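Following: one structure in structure tokens, then a few remarks.
Bear in mind that the values in this text are calculations on the coordinates, not laboratory data. Since we're looking at a predicted model, the values are computed, not measured. Note that we place each Cβ from the backbone using ideal geometry, even for glycine, and neighbour counts take in every protein chain shown.
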Amino acid sequence: MVTAQPDATDYDPKTFLGHPRGLYVLFFAEMWERFSYYGMRALLIFYLVQHWMFSDERASVIYGAYTALVYIMPVVGGYLADQYLGQRKAVLFGAVLLTVGHFLMAFEGTGGQTDPMMNVLWLALAFIIVGSGFLKANISVIVGQLYPRTDVRRDGAYTIFYMGVNVGAAVGSALCGYLGQTYGWRYGFGLAGIGMIAGLIVFVAFKPLLMGKGESRNPARLESRVAGLKFEWLLYLVGVGTVGIIWVLIQYQSLVGTLLGVAGAILVAYVLYTAVAKLTREDRDRIFAALFLILASIMFWALFEQAGSSLNLFTDRHVDRNMAGMEIQASIFQSVNPTYIILLAPFFAWLWTALGRRGLEPSAPAKFGLGLVQLGAGFLVLVFGAQAVGIENPTPVIFIFLIYLLHTTGELCLSPVGLSAMNRLAPAHMASLIMGTWFFASAAGNFSAGLISAATGSGELAGEAAGAKEVVLGVYSTIGWVTVGFGVFVILLARYVKRLMHLDTLRDDEELAGYKELGEQQAAGLSIKEETKPEREQS
């Protein structure tokens with residue numbers, strides 16, 4: 001049997017540490033982008049509560065709406081990249097918007113909800129949201145394009161990429177958090193803007209190492225003109241106009257919840273329709289498997305994202321943060337999770353590869369279940385530690401390190417594996433759409449995280465710290481046990497979901513093209529034989 005082999009020029013023949021050099025371009029570009037995003041994120045809940053004087057409940061809902069919109073916009077950015085822009089131009093445009101947004105965050109005004117500078121806050125958040133929509137899903141897709149679909153290095157590549165995300169997150173959270181809470185909000189947010197510029201420079205300067213990946217599939221359409229304006233620039237204007245829409249949505253958080261519900265239903269219906277009506281049976285089953293993983297991830301992110309809201313406030317108010325004779329700013333603890341990932345990601349990358357070579361690697365659905373179990377266990381450990389020393393006493397800081405450790409190992413079982421699974425299971429023409437759907441699930445999870453955080457009521461019982469702490473721990477105990485149970489359920493279903501993935505028949509696009517070409521050649525040969533058959537019979 002003859003099969004078509006991938007063209008060697010499609011992939012970088014030169015590697016570094018066993019991976020294409022383009023992976024490290026994306027590693028550093030995303031590292032700086034995450035430096036800015038997580039640096040700002042470490043300060044945001046405190047900025048809303050302490051500077052703009054929002055209640056804990058309102059600040060949590062704003063935080064949840066903001067992070068939800070950050071993850072819902074990749075659906076739009078992914079679609080425009082798939083159909084028109086290509087991933088590389090979408091990432092570049094998103095980076096420019098993000099740079100503007102992060103620098104606008106440095107304009108803090110005098111504070112309080114009567115300060116007109118609050119409009120600049122909403123505008124800054126809107127720029128960051130739309131910029132993330134164009135950058136976030138598409139840069140992850142380019143990672144997958146550097147490898148054939150059946151390349152065994154893919155999970156390891158996404159884990160390395162994810163480590164880059166967390167290098168930026170760890171350093172950004174620590175530095176921006178320290179500057180913002182020690183010297184002033186503008187210094188923390190300003191440093192985040194500088195980090196975004198660094199990421200933009202890396203992505204532009206080292207473009208050749210991407211080997212042409214992520215370019216538009218329809219460059220002629222981009223060059224065409226609409227009302228005298230080049231279509232590519234029209235798309236950029238649409239992106240800027242979207243900033244205005246998001247500026248309104250972020251101020252009315254209930255609209256975000258409605259948008260998530262309606263858009264989520266439409267998106268899932270569209271993906272299901274495409275899978276059923278337009279795909280082969282095996283590709284359809286793979287989309288079903290991807291949707292199962294996407295739905296399971298919603299619960300994970302709803303609880304994992306307590307880190308930036310309720311858990312951040314809990315650390316500030318109810319934890320003994322004295323270490324080596326110094327009281328550590330609560331925002332700096334946002335760097336604990338990414339620091340753990342930096343330390344543990346190489347181990348997980350090695351572990352999955354080593355188990356895969358021996359045929360012992362858990363399937364992607366099983367890894368998801370393990371991640372959920374560890375996530376729930378983290379909350380239960382914190383509840384146990386707080387109750388062990390007495391509700392009225394500060395919780396030892398060791399239990400903050402423990403909850404982040406369990407959340408990190410759970411994240412490493414789910415997030416990079418999910419990114420890889422989305423890219424592997426989706427047909428090429430649906431790659432960014434499915435990746436966008438993955439991030440849409442994160443949006444739903446993040447909005448739910450804001451509602452859960454608001455339910456803790458961390459600061460609403462003024463003068464009753466023990467009572468407020470008990471409310472938080474009650475919520476954490478409930479969600480901890482529910483998540484552990486759901487994780488076990490996912491593990492039990494893992495073998496059935498794995499069957500839907502049809503990994504044994506997964507082929508690279510180039511190989512599938514070879515099969516198609518061979519089939520056409522065979523059909524043509526058969527036709528020739530049929531045409532000459534009467535002549536042979538006559539002779």
Worksheet, complete the sentence: Plugging the Cβ-Cβ distance of GLU327 and ILE391 into 1/(1 + (r/R0)^6) at R0 = 22 Å yields, to the nearest 0.05, a FRET efficiency of 0.55
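Order these peptides, 98-109, 47-58, by their mean beta-carbon neighbour count within 10 angstrom, highest first. Show your work: numbers first, answer last.
Details: 98-109: 21.5, 47-58: 18.4.
In decreasing order of mean packing, 98-109, 47-58 become 98-109, 47-58.
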Practice prompt. Residues in the range 238-258, backbone N under 18 Å from the label point at ALA227 (7 Å along the Cα-to-beta-carbon vector): list them, ranges by number please.
Written response: 238-245
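In debye, nearest 20: dipole of the range 196-255 around its Cα centre with unit charges on the Cβ of K, R (+) and D, E (-)?
Values: 6 positive and 3 negative charges, 31 e Å.
Charge dipole, the range 196-255, about its Cα centre: 140 debye, nearest 20.
Report the extension gain between VAL238 and ILE201 in nm, rounded to one decimal, defined as 0.36 nm multiplied by the number of residues separating them, less their alpha carbon distance. Intermediate values should be presented prior to the final figure.
On the way: separation 37, 0.36 × 37 = 13.32 nm, distance 2.42 nm.
Gain on stretching VAL238 to ILE201: 10.9 nm.
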Worksheet item: Around MET105, with a cut-off of 13 angstrom between Cβ atoms, what is the net charge of the other residues, counting Lys and Arg +1 and Asp and Glu -1?
Response: +1
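So if I place +1 on the C-beta of Lys and Arg and -1 on the C-beta of Asp and Glu, and nothing else carries charge, what would the dipole magnitude of the chain be about its Cα centre? I want it in debye, nearest 20. Write out the running numbers ahead of the final one.
Numbers: 37 positive and 39 negative charges, 117 e Å.
Rounded to the nearest 20 debye, it is 560 debye.
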Item to complete: Answer with one residue from ILE479, ALA220, PHE206: the one whose Cα lies farthest towards the positive end of the charge dipole of the chain, charges on Cβ with Lys, Arg +1 and Asp, Glu -1.
Response: ALA220
Discussion item. For the chain, what does the helix formula give at 222 nm: sum of -39500 (n - 2.57) over DSSP H segments with n ≥ 4, over the residue count, nearest 500 deg cm²/dmol?
Written reply: -26000 deg cm²/dmol
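May I ask you to compute the full-extension gain from GLN251 to VAL152, defined as 0.36 nm times their residue separation minus their alpha-carbon distance, rounded to one decimal in nm? Let's see the in-between values first.
On the way: separation 99, 0.36 × 99 = 35.64 nm, distance 4.52 nm.
Separation in residues times 0.36 nm, less the Cα-Cα distance, equals 31.1 nm.
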Fill in: Stretchable slack from LEU506 to TRP481, in nm (0.36 nm times residue separation minus alpha-carbon distance)
5.3 nm
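Between ALA220 and ALA428, how high is the FRET efficiency from 1/(1 + (r/R0)^6) when r is the Cβ-Cβ distance and R₀ = 22 Å? Nearest 0.05. Before the final figure, lay out each step's value.
Details: r = 19 Å, r/R0 = 0.88.
Step by step, r from the Cβ atoms, then E = 0.70.
Take the cross-link list LYS89/LYS230; LYS136/LYS278; LYS136/LYS367; LYS89/LYS136; LYS89/LYS213; LYS136/LYS230 and give me the ones stretching past 20 Å between alpha-carbons.
On the way: LYS89/LYS230 15 Å; LYS136/LYS278 27 Å; LYS136/LYS367 23 Å; LYS89/LYS136 13 Å; LYS89/LYS213 11 Å; LYS136/LYS230 25 Å.
Violating the 20 Å Cα-Cα cut-off are LYS136/LYS278; LYS136/LYS367; LYS136/LYS230.
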Worksheet, complete the sentence: Total charge of the residues flanking LEU222 in space, meaning their Cβ is under 14 Å from its Cβ, with Lys and Arg +1 and Asp and Glu -1, is +2
Worksheet item: By count of other Cβ within 10 Å, fewest leading, how are SER310, SER297 ordered?
Response: SER297, SER310
Worksheet item: Cα centroids of the range 355-379 and the range 224-303: how far apart, whole angstrom?
Response: 28 Å
